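What follows is one structure encoded as structure tokens, with my remarks underneath.
Quick note: the coordinates plus some simple rules give every number you see, no bench work behind them. Treat the numbers as computed from the prediction; the structure is a model and nothing was measured. Neighbour counts are summed over all protein chains in view; Cβ atoms, including those assigned to glycine, are modelled from backbone coordinates with ideal geometry.
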């Protein structure tokens, strides 16, 4: 799948069920439907994006992933990023994150921050390629299974070469 066939758009309440299904498929300790709904419509700082891609079998447009992030004053806070397994390693996640970073820059943000499971090598590689650097480690932050969080930051907030291509 070419990355130009990925359509990034704001999520609406109408896609909550699909986003919840993606959340459950991607995480061992998923957010609840209520948590997702609160971020989607009840948090003034939260923004939600979905990635639509052609289904490899039917060709129909399907939601392949989503991204929840906050823009709070000078900071973009990456909250939750999920892409269904058949659509991974095809530029979907980078397109979602780059869209969020652009939105942060447009609103005057000067840095971006995130936490990621220490074992999530795909995500760590993506974030490093985007220009994030590890700043700390939070012991036993995650549950199911218990695991450390790697804290990462991009300061100053910049769109690197990976975002320029997407």
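Between residue 21 and residue 89, how many nm apart are label points set 7 Å from Cα along the C-beta direction?
2.5 nm
Find how much the distance from residue 12 to residue 74 grows on full extension, using 0.36 nm per residue of separation minus their present alpha carbon separation; answer in nm with one decimal.
19.8 nm
What is the distance in Å between the Cα centroid of segment 64-84 and that of segment 149-166?
13 Å
Full extension from residue 5 to residue 61: what is 0.36 nm times the residue separation minus their Cα-Cα distance, to one decimal in nm?
Numbers: separation 56, 0.36 × 56 = 20.16 nm, distance 0.98 nm.
Stretched out fully, the residue 5 to residue 61 stretch lengthens by 19.2 nm.
Starting from 0.36 nm per residue, how many nanometres of slack lie between residue 43 and residue 119 once their C-alpha separation is accounted for? Can you show the working numbers first?
Working: separation 76, 0.36 × 76 = 27.36 nm, distance 2.92 nm.
Once the chain is fully extended between residue 43 and residue 119, it gains 24.4 nm.
How many Å³ per residue does the convex hull of the Cα positions in segment 99-140 occupy?
82 Å³
Label 7 Å along Cα→Cβ of residue 158; segment 79-106 residues with amide nitrogen under 11 Å?
none
If neighbour count is taken as other Cβ atoms inside 10 Å, put 89, 77 in order from fewest to most.
Fewest-to-most Cβ neighbours within 10 Å comes out as 89, 77.
Which shape class, rounded, prolate or oblate, goes with segment 76-166 when its Cα gyration tensor gives a ≥ b ≥ c as root eigenvalues, a/c under 1.5 marks rounded, and past that a/b bigger than b/c marks prolate?
Oblate shape, in that a/c is at least 1.5 and b/c is the bigger or equal ratio.
Tell me the label-point distance for the pair residue 35, residue 111, using the 7 Å Cα-to-Cβ offset, in nm and rounded to one decimal.
2.5 nm
Just checking my list [x] 1.02; [y] 1.16; [z] 0.94 against Rg/Rh (Cα atoms, Kirkwood Rh) computed from this structure; which label fits?
Here Rg/Rh (Cα atoms, Kirkwood Rh) agrees with entry [z].
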